[in-house]
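Comments concern the structure below.
The values are calculated or read from the model by the stated rules, or taken from the named source; none is laboratory data. All values derive from a computational prediction rather than experimental measurement. Ideal geometry is used to build each Cβ from the backbone, glycine not excepted, and the neighbour counts take in all protein chains shown. Just so you know, the surface numbers come from the protein's heavy atoms only, side chains and all, with ligands and any DNA or RNA stripped out. Shrake-Rupley method; radii C 1.70, N 1.55, O 1.52, S 1.80 Å.
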Amino acid sequence: MDYQVILIENNRVMLERLSTVIQRTKGFSLVARYQRAGDALGQGAVFKPHIILLDIDVGENRGLIHEFAEAFQNAAILCISNHWDSDGASEVVKAGAKGYLIKPFSSEELVDAVGTFGKSGMAFGSKSLAFFSPKGKSGKTTLIANLALSLAQKSGEPVGIIDADLQFGDMAVFFNLTPKSTIVEATRDIKFLSPITLNSYFVPVPEMENLRVLCGTRKPEYAELVNIQSFEEMVRMALSLYRYVLIDLPPGFNPISVAAAELATKTYMIAMMSGGFELVHMRRAIEIFKAWPDFKTRLGTILTRVSPCNSAERKRLESILEYPISAILPNEYILVSAAANKGRMAVDIQPNTELSININKLSDDIIGLQGMRW
Ligand SMILES: Nc1ncnc2c1ncn2[C@@H]1O[C@H](COP(=O)(O)OP(=O)(O)O)[C@@H](O)[C@H]1O
Ligand SMILES: [Mg+2]
């Protein structure tokens, strides 16, 4: 059976235009259309709609979303608007809408929107995780790739990775991906994108239906093309697509890592054990994050290549850092590099190693995290 659609659009010309698009879309039937939301609330129920497209550029319609959600419990409410606005999107989702579509939309965008938002709805309660390292070679990209896979498997929800290590991003290499578009194009185009179109800039990871990657720049000099404000807007939009957004950052404090940490639900600081100086650097970096009044919940720490990788060592390291450690990962060079060479991840091919077990534990903690920041 076709999706039964009710269209509510205040502007007559747009109403005609969108009606034609819906009628021409295979698998969709336009059962009723209204210029006024109040009329749809009063008369629409007899049509038993599956989808309600609600124009939210008319101010009063935003306030009616909750009533629509109550009156049409079997329908998905998708808001339609001339422009994307992340604060507005978070409000409409809280009120009961499932998604957001920019008008005028094409048949293809309508089908994609229903495919993306129809089942689970826009990610209300999504979490963004920024991965920061005081210095390079911390094991950060290895961790993110494995953690993302673990989150995707355990939660069954959509997970997105953003490779924002602008000069030397190598997430594509880890997953063996050949991207058509990267963070450069996504941030360049963001003003014209909606969540649905942004999704197509993320490359799907083969055999992992719910994991996608926005790959890094193709050349180090392209880093300059990424505007910080556009980057922030893009991350917020990605939160409406993915339940978990993991951001790989360049090492050190720089405009992009600071921006990502400021907007993320949680920032993890990562260092790889080698000699001891890394702990000194980490302690100094933790001091900087203490400027956040809520740093204790917003900042986590992870140490990689810890040996021996046990609770006594963890306690010892915590006492040096004077800060709790969220996870420790053992020295598993052969496993992580052999896996990444094949575009596979250690948590997938060797789920019973200590490395995989510790990453899976961290992913349980993240799934249990409270709160969201748009
Ligand atoms: N837990 C680990 N044990 C041993 N070697 C590791 C571990 N994690 C990563 N590595 C290795 O360390 C190097 C840097 O890792 P990578 O994830 O690229 O770090 P970064 O993204 O911080 O530069 C790679 O050669 C990787 O294989
Ligand atoms: Mg890296």
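Residues in region 20-40 that are under 17 Å from Ile56 (Cα atoms) and within 33 Å of the chain's Cα centre (by Cα): how many?
Going through region 20-40, the residues under 17 Å from Ile56 (Cα atoms) turn out to be 33-40.
Subset that is within 33 Å of the chain's Cα centre (by Cα): 37.
Residues meeting the conditions: 1.
Residue pairs, Cβ under 6 Å, 6 or more apart or interchain, first in region 177-202 and buried (at least 21 other Cβ atoms within 10 Å of the Cβ), second among the basic types (Lys, Arg). List them.
Phe202/Arg212
Which count do you get for residues in region 95-122 that are farther than 15 Å from Phe192 by Cα, outside any strand (DSSP E or B), modelled with pLDDT of 85 or more and not β-branched (Val, Ile, Thr)?
Selection size over region 95-122: 9.
So if I check each of Leu263, Leu303, which one is within 24 Å of Asp163 (Cβ to Cβ), open to solvent by less than 30 Å² (accessible area, probe 1.4 Å) and more than 16 Å from ligand 1 (Cβ to nearest atom)?
Working: Leu303 fails: more than 16 Å from ligand 1 (Cβ to nearest atom).
Result of the check over Leu263, Leu303: Leu263.
Of all residues in region 323-371 being open to solvent by 50 Å² or more (accessible area, probe 1.4 Å) and hydrophobic (A, V, I, L, M, F, W, C), which is modelled with the lowest pLDDT?
Ile349
Could you check, for region 152-165, whether at least one of its residues is within 19 Å of the chain's Cα centre (by Cα), modelled with pLDDT under 95 and either among the hydroxyl-bearing types (Ser, Thr, Tyr) or not assigned by TED's automatic domain parsing to the domain that holds Ser337 (or both)?
Looking through region 152-165, at least one residue is within 19 Å of the chain's Cα centre (by Cα), modelled with pLDDT under 95 and either among the hydroxyl-bearing types (Ser, Thr, Tyr) or not assigned by TED's automatic domain parsing to the domain that holds Ser337 (or both).
Which of the residues spanning region 1-42 are assigned to a loop (DSSP other than H, G, I, E, B), touching an Asp or Glu at 6+ places or on another chain (Cβ under 8 Å) and modelled with pLDDT under 95? Walk me through how you get there before you give the answer.
Initially, region 1-42 is screened for residues assigned to a loop (DSSP other than H, G, I, E, B), giving 1-2, 9-11, 25-27, 35-36.
Narrowing further to those that are touching an Asp or Glu at 6+ places or on another chain (Cβ under 8 Å): 9-11, 27, 35.
Within region 1-42, just Gly27 meets the criteria.
Do we find a residue being touching a residue at least 40 places away in the same chain (Cβ under 8 Å), within 16 Å of ligand 1 (Cβ to nearest atom) and crowded, with 23+ Cβ neighbours inside 10 Å anywhere in region 150-160?
Yes; the residues of region 150-160 include at least one that is touching a residue at least 40 places away in the same chain (Cβ under 8 Å), within 16 Å of ligand 1 (Cβ to nearest atom) and crowded, with 23+ Cβ neighbours inside 10 Å.
What single numbered condition from (1) closer than 18 Å to Gly99 by Cα; (2) open to solvent by 20 Å² or more (accessible area, probe 1.4 Å); (3) of a type in the set (A, V, I, L, M) fails to hold for Met1?
Among (1) closer than 18 Å to Gly99 by Cα; (2) open to solvent by 20 Å² or more (accessible area, probe 1.4 Å); (3) of a type in the set (A, V, I, L, M), the lone unmet condition for Met1 is (1).
If you check Ala145, Ala69, Ala172, which single one turns out to be free of Cβ contacts under 8 Å to residues at least 60 places away in the same chain, within 16 Å of ligand 2 (Cβ to nearest atom) and either under 17 Å from the mean Cα position of the chain (by Cα) or in a helix (DSSP H, G or I) (or both)? Before you say what the answer is, go through the steps one by one.
Numbers: Ala145 fails: free of Cβ contacts under 8 Å to residues at least 60 places away in the same chain; Ala69 fails: within 16 Å of ligand 2 (Cβ to nearest atom).
One residue alone meets the criteria, Ala172.
Being among the hydrophobic types (A, V, I, L, M, F, W, C) and open to solvent by 40 Å² or more (accessible area, probe 1.4 Å) is the filter here, so list the residues in region 42-82 that pass it. Working first, answer last.
Filtering region 42-82 down to residues among the hydrophobic types (A, V, I, L, M, F, W, C) leaves 45-47, 51-54, 56, 58, 64-65, 68-69, 71-72, 75-80.
Of everything in region 42-82, those that are among the hydrophobic types (A, V, I, L, M, F, W, C) and open to solvent by 40 Å² or more (accessible area, probe 1.4 Å) turn out to be Ala45, Val46, Phe47, Ala71.
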